[in-house]
Amino acid sequence: MNSNDMIKSLETYFNLMSMNGTAYVFNIANKMKFFKPFVIKEQLTSTEIAKALCLKENPVKLVLETLISIKVLEKNGDLYSLSSVTKYLTGNYENLSSDYWEHLPKLLTEGNPYKKMDQVSDSENEYKVQVKSLEWMMSPSAVITAKMFPISKKNNLSILDVGAGSGVWSFAFLKENETATAALADWPGVLDVAKDSAKKQNLNNRVKYIEGNYHETNFNSDYDLAIIANVTHIESTEGNQSLFKKIKAALRPNGILLIVDVFGNNKKGDVNKCLYQLGLALRTTKGEVYPPATLQEWLTTLGYREFNFHSLDVVPYTMGILSATTP
């Protein structure tokens, strides 16, 4: 082995060691309630944290310093505090989805997923927990997308957001265009998150809601732009084709459809994409990230035209957008 190969091997080894070690430290700290004392007091010394948790101070301090190194805590003098990212770790993301990964052996041996988020019976309850965190995660991608497409400047732009979740994608367009309006289609429990977000962002007077199963609800037919983000991977081939047909009927002539999903081709997102696809197998019965070429084939059959693909160069470096135009 030459020196360059040795260096690369060492880098890979230490990266693996660091990822494994910090993941263990974070998860053990989370399980042992290291972050709970900060709910009562925003800044604490290591002595105060150890006392609150009934733990030994010296190892507690070492754990705290490790948590600072991975940016989940901050330190000012002798005082520790939560970083901004830790404040977003709520719901299923509080433990970085450790419960999903702990189910992986069962998936491998039995083939049974941990969740069934692609099933009508489970979808609403599962997504109403997740969409608030997804709003934060997808915001940079949504902002770039809204600036990328010229239709965002259209006067009185009318948007249909299917499987809208928190509304993060359509809300980015509303912020870009003060004359735009949006209709959000999703389960009632999920749209409660969108309603709260719209109110906080002073967008509620430009948003309406279509509550229920988006395969069954009425979209009407007066939209310039339709967005379907992070949805195609939980739909079957037939489900996607049916949805594309329904959206086509809801768009005006020369309307634009944007399909957003984890099919970007940015090399910086390779690990995130692989983990996402594995996570999809853990939380759905038949979830699949369809390649843009497959989606385009289905759209072409339905009469869509003028296709373009964009890969987003922003965290998490996994997102891609396939755009299509109606006749």
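The values are calculated or read from the model by the stated rules, or taken from the named source; none is laboratory data. From a predicted model like this one, the values you see are computed outputs, not experimental measurements. Note: ideal-geometry Cβ built from the backbone for every residue, glycine included; neighbour counts use all protein chains shown.
Matching residues to (1) at pLDDT below 95; (2) touching a Phe, Trp or Tyr at 6+ places or on another chain (Cβ under 7 Å); (3) farther than 27 Å from TYR304 by Cα:
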residue: ALA229; (1), (2), (3): no, yes, no
residue: GLU235; (1), (2), (3): no, no, no
residue: ASN240; (1), (2), (3): no, yes, no
residue: LYS245; (1), (2), (3): no, no, no
residue: LEU251; (1), (2), (3): no, yes, no
residue: GLY255; (1), (2), (3): no, yes, no
residue: ILE259; (1), (2), (3): no, no, no
residue: CYS274; (1), (2), (3): no, no, yes
Considering only region 32-39, I want to know if a residue exists there that is within 30 Å of VAL193 (Cβ to Cβ) and within 24 Å of the chain's Cα centre (by Cα).
yes
So which residues in region 211-221 are more than 10 Å from LEU160 (Cα to Cα) and either exposed (fewer than 14 other Cβ atoms within 10 Å of the Cβ) or β-branched (Val, Ile, Thr) (or both)?
ASN213, HIS215, GLU216, THR217, ASN218
Looking at PRO105, is it assigned to a loop (DSSP other than H, G, I, E, B) and more than 30 Å from ASP222 (Cα to Cα)?
no
Within region 191-210, track down each residue that is within 12 Å of LYS132 (Cα to Cα) and not polar (S, T, N, Q).
LEU191, ASP192, VAL193, ALA194, LYS195, ASP196
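Condition check ((1) assigned to a helix (DSSP H, G or I); (2) among the charged types (D, E, K, R); (3) within 27 Å of the chain's Cα centre (by Cα)) across all residues:
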position	(1), (2), (3)
LEU62	yes, no, no
THR66	yes, no, yes
SER81	no, no, yes
TYR114	no, no, yes
ASN125	yes, no, yes
PRO140	yes, no, yes
THR145	yes, no, yes
Find the residue count for region 124-165, including only residues that are among the hydrophobic types (A, V, I, L, M, F, W, C) and in contact with a strand residue (DSSP E or B) (Cβ under 6 Å, 6 or more places away or on another chain).
6
So which residues in region 182-218 are charged (D, E, K, R) and in contact with a strand residue (DSSP E or B) (Cβ under 6 Å, 6 or more places away or on another chain)?
ARG206, LYS208
Within region 185-207, residues being within 19 Å of LEU257 (Cα to Cα) and either charged (D, E, K, R) or not assigned by TED's automatic domain parsing to the domain that holds LEU134 (or both) number 1
Among the aromatic types (Phe, Trp, Tyr) and outside any helix (DSSP H, G or I) - does that describe any residue in region 163-181?
no
May I ask you to verify whether PHE26 is assigned to a helix (DSSP H, G or I), within 16 Å of LEU82 (Cα to Cα) and among the aromatic types (Phe, Trp, Tyr)?
yes
Looking only at residues that are of a type in the set (Asp, Glu) and modelled with pLDDT under 90 in region 79-129, which one is farthest from SER46 (Cα to Cα)?
ASP118
Only one of ALA226, ALA182 is in contact (Cβ under 8 Å) with a residue 40 or more places away in the chain, of a type in the set (Gly, Ala, Ser) and either in contact with a Lys or Arg (Cβ under 9 Å, 6 or more places away or on another chain) or more than 21 Å from LEU257 (Cα to Cα) (or both); which?
ALA226
Out of all the residues in region 32-56, which are in contact (Cβ under 8 Å) with a residue 40 or more places away in the chain and either in contact with a helix residue (DSSP H, G or I) (Cβ under 6 Å, 6 or more places away or on another chain) or under 15 Å from SER98 (Cβ atoms) (or both)?
PHE35
Regarding GLN277, is this residue closer than 26 Å to SER121 by Cβ and assigned to a helix (DSSP H, G or I)?
yes
Does region 237-253 contain at least one residue that is more than 26 Å from PRO291 (Cβ to Cβ) and not in a loop (DSSP other than H, G, I, E, B)?
yes
Hey, can you tell me all the residues within region 302-327 that are outside any loop (DSSP other than H, G, I, E, B), out of contact with any Phe, Trp or Tyr (no Cβ under 9 Å at 6 or more places or on another chain) and within 17 Å of LYS245 (Cβ to Cβ)?
ARG305, PHE307
